[in-house]
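One structure below.
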């Protein structure tokens, strides 16, 4: 039974499928920006306080960095780039600045695309574990999972495995990239 539990855990991690969106993932690192102290009169985005983000904190985005990222985003192709990845990484903070400062000179289409990307706040998560004999041991089908929250998923199906649940955190780290910890 212990080997089955280890096998199920290993397979769970190896076969965890996250249906993020319909297009292929393109690996990009979020743009690294300096975090200077806010200048007098500069807006300051609220820090994220979700339990998932508390354990894996996102650095605070300054107004100056936001403006720089928006200017870089405006120069990127419509398919996205490093600035869009960074804005998606900062998510709620970027949304706060967008609400407070407006489009910062973005075109109507660019602003609509950025708002659409920042509105994506969850994924659908599925897991299926099959043992070495080909028997399906547990299944979690299409569970809606918000970003930056520690979520406990209840299984749809489990047979001949100890009682278990799947829990963890998903964090958006780019336009088409998610970091997962389960």
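Please treat every number below as a calculation from the coordinates, not as lab data. Fair warning: this is a prediction, and the values are worked out from it, not measured in the lab. Here the Cβ is made from the backbone with ideal geometry for all residues, glycine too, and neighbour counts use every protein chain on show.
(1) in a loop (DSSP other than H, G, I, E, B); (2) in contact with a helix residue (DSSP H, G or I) (Cβ under 8 Å, 6 or more places away or on another chain): which one isn't true of residue 155, the others all being true?
So residue 155 meets the others, but not (2).
Does residue 90 meet the test of being closer than 16 Å to residue 179 by Cα and in contact (Cβ under 8 Å) with a residue 60 or more places away in the chain?
The answer is no for residue 90.
If I ask for residues that are surrounded by fewer than 23 Cβ atoms within 10 Å (Cβ to Cβ), touching a residue at least 12 places away in the same chain (Cβ under 8 Å) and part of a helix (DSSP H, G or I), which ones from segment 74-87 would you list?
Result: 74, 82, 83.
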